[in-house]
Amino acid sequence: MDRKARTVELTWSTGVRVLRGWWDKCWEELSLDAAHVRLDRLNNGAPFLGDHNGYSVKDTPGVVERAWLTRDAAGQPVGRALVRFTREGLDPKADMLFEKIADRIVANVSIGYRVHKFEKVADAEDGVPVMRAISWTPHEISAVTIGADDGAGFRSMERTESSEPNPVEIIDNTRGEAPHMERTKMDKDEQTKLQAERERAATITKLCNMYTKRYPDLADLAQRSIADGSPVDKVRELVLNRMADESDNDGTSQAPSGAPGLYGSHGAADMRVRSMAEALAYRAGARAELGTDAKQYRALSMLDMARICLEARGISPRLMGKDQLLRAAFHGTSDFKALLAESGRRVLLDGYTAAPAGIRAISKRSSASDFRSKQLLRLGETPALLKVPEHGEVKRGTMASTSASYKLETYARIFGLTRQAIINDDLGAFTLVRKFGVSAAELEASILVELLTGGTVLPDGLPLFHANRGNVGTGSDISIDALGAGLAAMRCMTGLDGKTPLNVVPAALVVPAALEVKALQITAQLQAATVSNQNPFGGPLRLVPVVDPRLDAVSKKAWYLSADPNVTPGLEHAYLDGQDGPDIMESEGFDVMGTEWRASLDFGAGVVGWEGLYKNSGA
């Protein structure tokens, strides 16, 4: 702890396994492999909170300065971070938390995160499946009373090597052996009691935190209940009674629209909600095959799923009408909203991936960390080595360079899923979301076609295709001779020094729809009877035909050769870090009585080099 800088170093995860879920329980394990953890959000000004209370900026005591992965003294992987508190005197709550950390009153840490991909490892000895998160994003760090990870805490208070270790299941995937439990100094009964107490405290904290925005006094209830040993059922009853005091007398339970739930927030991994989202997306037309767990939900309506979400939260919907049930599902739990959002995301990506790749096949995929121009500096060829005579001087050489840039732009639309549509089990809104996925793919392709055909001018002042570059052929139909001329031109292109041959080999033949059949014929693999009839572009120099109908609007005769964009620069496109295409966000509808989705695409593209492209205007 640095009092002057108001910073504290902490451990935010040791990857310990935690029991998750209500009925569909699983052991959740967070992989701390650098390839599995996305630290972008933590390193981009993520909040440091108290008890995961992120409802208001007024309740934010600090910020994460930086986060990293390392190993502890025992050689085990851990996640560490440096957090900075607000200036002294600016926020009394932040000052109090800082002093409690300094006095070792508050010693535990928890993280809020989102899991993108799970890997089922095995079943534990208790028969509960073990799910390892192999793609996940931590997005906030909190100081808490009791954390799920006993090894997570502030550095000055971390457990020493002599502390009792948590029971951790060690898996040797290389030998395919069954998992075994690490021996600890605790006996089995003590371990069971400790785990039960952690579950009780975590459940009470989560239950009260869902509603503290509307009922701030529930934060004190959580602390009292944890301290006096109150069972979870009693706390749930107290929370429901508190909500009933200010209800609208219509059978609904009020809660803030952004209340965190079991799904996608604070580390909860409710497999039931994921399975229902998968089943709903399948009903809405997503092509992915249903998983085993999702099949049991495929016949349920959206109202049926809302009812299950309420029952999982301990809220009985038996005396509710359809409208009351729906309002309770939206306001009394975030599971149902998360379910709808995840279903929408699946349908969106299904439409996006279903669209033919077309010209995207010859563009290098990249990523950008923000919306500023992405600057790409390219160095030219190294100078030739010169013979050095005995006692001679070694001469210096220079390298030419060039640069290119482009930036991301945001494209978005809002869709509404109305109350009537949910009650009627009308999946039409999902059709609109799927169409946005298709239009997102169309937008990307249109931008790339414009770069290829629109006379893009590069930093040297010349257009992409120019005789001085040697990447423009004499107008002719697609033929062995014309392709041979293109191959020779690409091999003989010179680098930035103007003399070093680049020896570029084309990998794709890019054509409009009008030339598709001819392109397929010229790249077909046929067994020729004589050498003179051999087609090199269907054999040793195999070209992959890439057809994009957007090219027809520009020219039905022009065709192109493209090198592998990952080897030789040409077209490049990028998404915002952590995205692979369009994404969807959900919020409670204001303009519509229901929920709203905002589908967005953060995408940019540019020409980063001319060496990998060749054009023939056709005949």
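A Cβ distance below 8 Å, combined with a sequence gap of six or more or placement on separate chains, defines the contacts here; from the range 286-308, residues that are closer than 28 Å to Ala355 by Cβ reach residues that are of a type in the set (Phe, Trp, Tyr) and surrounded by 14 or more Cβ atoms within 10 Å (Cβ to Cβ) in the pairs Ala288/Tyr282; Leu290/Tyr282; Ala294/Tyr282; Arg298/Tyr282.
Give me a count of the residues in the range 87-99 that are open to solvent by 20 Å² or more (accessible area, probe 1.4 Å) and in contact (Cβ under 8 Å) with a residue 24 or more places away in the chain. Steps first, answer last, please.
Here is the first cut: in the range 87-99, the residues open to solvent by 20 Å² or more (accessible area, probe 1.4 Å) are 87-93, 95-97, 99.
Still in the running and in contact (Cβ under 8 Å) with a residue 24 or more places away in the chain: 87-88, 91, 93, 97.
Summing the residues that are open to solvent by 20 Å² or more (accessible area, probe 1.4 Å) and in contact (Cβ under 8 Å) with a residue 24 or more places away in the chain in the range 87-99 gives 5.
Which of the residues that make up the range 322-341 are without any contact (Cβ under 8 Å) to a residue 24 or more places away in the chain and open to solvent by 30 Å² or more (accessible area, probe 1.4 Å)? Working first, answer last.
First, the residues of the range 322-341 that are without any contact (Cβ under 8 Å) to a residue 24 or more places away in the chain: 325, 329.
Selection gives nothing.
Name the single residue that is modelled with the lowest pLDDT among those in the range 258-285 being closer than 18 Å to Cys26 by Cβ and of a type in the set (Ser, Thr, Tyr). Among those that are closer than 18 Å to Cys26 by Cβ and of a type in the set (Ser, Thr, Tyr), it is Tyr263. Assessment of the range 192-210 against the conditions (buried (at least 19 other Cβ atoms within 10 Å of the Cβ), under 33 Å from the mean Cα position of the chain (by Cα), modelled with pLDDT of 65 or more and assigned to a loop (DSSP other than H, G, I, E, B)) yields at least one matching residue.
Taking the range 222-240 as the range and being over 18 Å from Arg313 (Cα atoms), open to solvent by less than 40 Å² (accessible area, probe 1.4 Å) and among the aliphatic types (A, V, I, L, M) as the test, only Ile226 passes. Considering Ile141, Ile134, Ile105, Ile101, the condition of being in contact with an Asp or Glu (Cβ under 9 Å, 6 or more places away or on another chain) and either within 28 Å of Tyr215 (Cβ to Cβ) or modelled with pLDDT under 85 (or both) is satisfied by Ile105 alone. Checked against the criterion of being open to solvent by 30 Å² or more (accessible area, probe 1.4 Å) and at pLDDT below 85, the range 35-49 has no qualifying residue. With respect to Asn53, is the statement that it is open to solvent by 20 Å² or more (accessible area, probe 1.4 Å), within 21 Å of Val144 (Cα to Cα) and at pLDDT below 90 true? For Asn53, the condition - open to solvent by 20 Å² or more (accessible area, probe 1.4 Å), within 21 Å of Val144 (Cα to Cα) and at pLDDT below 90 - is met. Within the range 56-80, the set of residues being open to solvent by 30 Å² or more (accessible area, probe 1.4 Å), of a type in the set (Gly, Ala, Ser) and closer than 22 Å to Val144 by Cβ comprises just one member, Ser56.
The values are calculated or read from the model by the stated rules, or taken from the named source; none is laboratory data. Small disclaimer: the values here were computed from a predicted structure and weren't measured. Cβ sites come from the backbone with ideal geometry, for glycine too, and all protein chains shown count toward neighbours. For accessibility, only protein heavy atoms count, side chains too; no ligands or nucleic acids. Shrake-Rupley method; radii C 1.70, N 1.55, O 1.52, S 1.80 Å.
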